[in-house]
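So the structure is just underneath, and the comments pick up after that.
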Amino acid sequence: MNKNFEDGILVIRTIAMPADTNPSGDIFGGWLMSQMDLAAGNLAGRVSRGRSATVAVEAMQFLRPVKVGDEVTIYAKLQKVGRTSMQIHVDSWARSRFEVESNQVTNAEFVFVALDDDGQPRQIDPQTDSINEPNK
């Protein structure tokens, strides 16, 4: 299965390395979650036009393992913007290094809050109409 761009924008593409494995030899779920948080944080910064912080991760699902050498591609889509918060859906896909097709490996909902210089919540500018479009 291949990812449709309408479902989110490409934010991160990386290679899963041996240093990122768990005791079973698969890629550690915490590494994958951190990559997803980086991707969501990238989009949150774009939306809030400034500093933001992760405040929640909801509905995290690990669908299949990621192996050493897999190409991991992470897409993010802005779901909702509140006064100070953003909900961002993140999908992760993996492609074995010798294959053509990718398979979805995880998905989750991340919630971020925009922060001011003192680390306090601040209002988000509502100009987010084209944020989910590729190449914008």
Apply the Karplus parameterisation 6.51 cos²θ - 1.76 cosθ + 1.60, with θ equal to phi minus 60°, to every residue of the stretch 60-72 and state each ³J(HN,Hα) to the nearest whole Hz, in sequence, with x for glycine and proline. 5, 10, 9, 8, 7, x, 9, 9, 4, x, 5, 7, 9
Taking a probe of 1.4 Å, how large is the accessible area per residue of the chain, in Å²? 56
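For the stretch 3-54, which whole percent of the accessible surface, found with a 1.4 angstrom probe, sits on carbon and sulfur atoms?
On the way: 1480 of 2770 Å².
Carbon with sulfur: 53 percent of the solvent-accessible area.
With runs of 4+ DSSP H residues as the only contributors, calculate the mean residue ellipticity of the chain at 222 nm using -39,500 (n - 2.57) per run, divided by the residue total and rounded to the nearest 500. Walk me through the intermediate numbers first.
On the way: 1 runs with 20 residues, N = 136.
When only DSSP H runs of four or more count, the value is -5000 deg cm²/dmol.
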Got a number for the accessible area of E99? Probe 1.4 Å, square angstrom, nearest 10. 110
Can you pull the one-decimal nm distance between simple spin-label points at A53 and K67, each 7 Å off the Cα toward Cβ? 4.1
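Please report the orientation-averaged projected area of the chain, defined via the convex hull of its C-alpha atoms, in nm². Working shown, then result.
Numbers: hull surface 34.9 nm².
For the chain, averaging the hull's shadow over all directions gives 8.7 nm².
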Choose one of V55, I27, A39: the residue whose Cα lies farthest towards the positive end of the charge dipole of the chain (beta-carbon charges +1 Lys, Arg; -1 Asp, Glu; about the Cα centre). A39
Between 0 and 90°, nearest 10: helix 29-48 axis offset from the chain longest Cα axis: 30
Each residue of the stretch 82-92 in turn: what ³J(HN,Hα) in whole Hz from Karplus with 6.51, -1.76, 1.60 and θ = phi - 60°, glycine and Pro shown as x? x, 5, 10, 10, 9, 10, 10, 8, 10, 10, 10
The stretch 1-115, relative contact order in percent, only Cα pairs under 8 angstrom and at least six apart counted: 33
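Which FRET efficiency value, to the nearest 0.05, is calculated for R13 and E109 with the Förster distance at 35 angstrom and r the Cβ-Cβ distance? Intermediate results must be reported in sequence, preceding the final value.
Working: r = 21 Å, r/R0 = 0.61.
Working from the Cβ atoms, E equals 0.95.
The values are calculated or read from the model by the stated rules, or taken from the named source; none is laboratory data. Just so it is clear, the structure is predicted and the values come from calculations on it, not from any experiment. In this analysis, Cβ positions are derived from the backbone assuming ideal geometry, glycine residues included, and neighbour counts consider all displayed protein chains. Keep in mind that these areas ignore ligands, DNA and RNA; they rest on the heavy atoms of the full protein, side chains included. Shrake-Rupley method; radii C 1.70, N 1.55, O 1.52, S 1.80 Å.
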